[in-house]
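The structure under discussion appears below in the form of structure tokens.
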Amino acid sequence: MPVPPPPAGEVIASFTEYDSAVAFVENLIAKDFPPGAIAIVGNDLRSVERVRGRISYSSVAIRGAVNGAWLGFIIGFLFFPTMLTSVQGTATMALVGCGVGILLNVIRFSLARKKRGFVSVAQFVAKQYQVQVSGDLVGQANQISGL
């Protein structure tokens, strides 16, 4: 997939917070500025990974049980619909799914244990966010925003 070229235009405002840049753009759009002519460009990107907690065998097993129960229910619904007409049949499919989910999740975790022992969420954060507009619309954007 080709990388799109950087947006062409002039910077009309700079912000340190993304939410401030979004609010600025929302204000422009609310006053009938063409949205296709606006770009928010983040500069000085860095990756931030927030650690949410440790991964243990018990947490892996619980997640496997929940996912497996749903998978068992869905497989039962698709391939054994007559079995799901009773509570016992539904519970059986969910329990079989739980067992398979626990087993597969624990095996997968055991094989990858040395790689990571924690759960995290990664995101990109910019040091500065610039709002750019097409060169021929800079005057209109400045007039709307009061700059």
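Taken together, the values in this text are just the output of simple stated rules run on the coordinates, not laboratory data. In this text the structure is predicted, and so the values were computed from the model without any measurement. Methodologically, a virtual Cβ is constructed for each residue, glycine included, from the backbone with ideal geometry; neighbour enumeration extends over all protein chains shown.
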Find how many whole Å separate the alpha carbon centroid of the stretch 11-54 from the alpha carbon centroid of the stretch 122-147. 9
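Ranking request for peptides 138-146, 112-120: highest mean number of other beta-carbon atoms within 10 Å first, then the rest in descending order. Don't skip to the end; give the middle numbers.
On the way: 138-146: 14.9, 112-120: 10.0.
Order by mean packing, descending: 138-146, 112-120.
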Rounded to whole Å and ordered largest first, report the semi-axes of the equivalent ellipsoid of the stretch 71-147 derived from its Cα gyration tensor (root of 5λ). 55, 25, 9
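Around residue 14, with a cut-off of 15 angstrom between Cβ atoms, what is the net charge of the other residues, counting Lys and Arg +1 and Asp and Glu -1? Mind showing how you got there, number by number?
Details: positive: 127; negative: 10, 17, 19, 44.
With Lys, Arg at +1 and Asp, Glu at -1, the neighbours total -3.
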The long-range amide H neighbours of residue 13, using H built 1.01 Å from N in the peptide plane and a cut-off of under 5 Å, are 131
Under a 10 Å cutoff between Cα atoms, tell me which one of 102, 75, 55 has the largest fluctuation in the Gaussian network model of the chain. 75
For the chain, the longest principal axis of the Cα atoms and the Cα long axis of helix 18-30 enclose an angle in degrees, to the nearest 10, of 60
Helix-only [θ] at 222 nm, the chain, -39500 (n - 2.57) per DSSP H run of 4+, per residue, nearest 500, equals -16000 deg cm²/dmol
How far apart, in nanometres, would the label points at residue 8 and residue 22 be if each is projected 7 angstrom from Cα along the Cα-to-Cβ direction? 3.0
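Which shape class applies to the stretch 56-115: rounded if a/c is under 1.5, otherwise prolate when a/b exceeds b/c and oblate if not, where a ≥ b ≥ c are the square roots of the Cα gyration tensor eigenvalues?
Details: a/c = 4.24, a/b = 2.87, b/c = 1.48.
Verdict is prolate for the stretch 56-115.
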The chain: equivalent-ellipsoid semi-axes (sqrt of 5 x gyration tensor eigenvalues, Cα, Å): 51, 22, 13
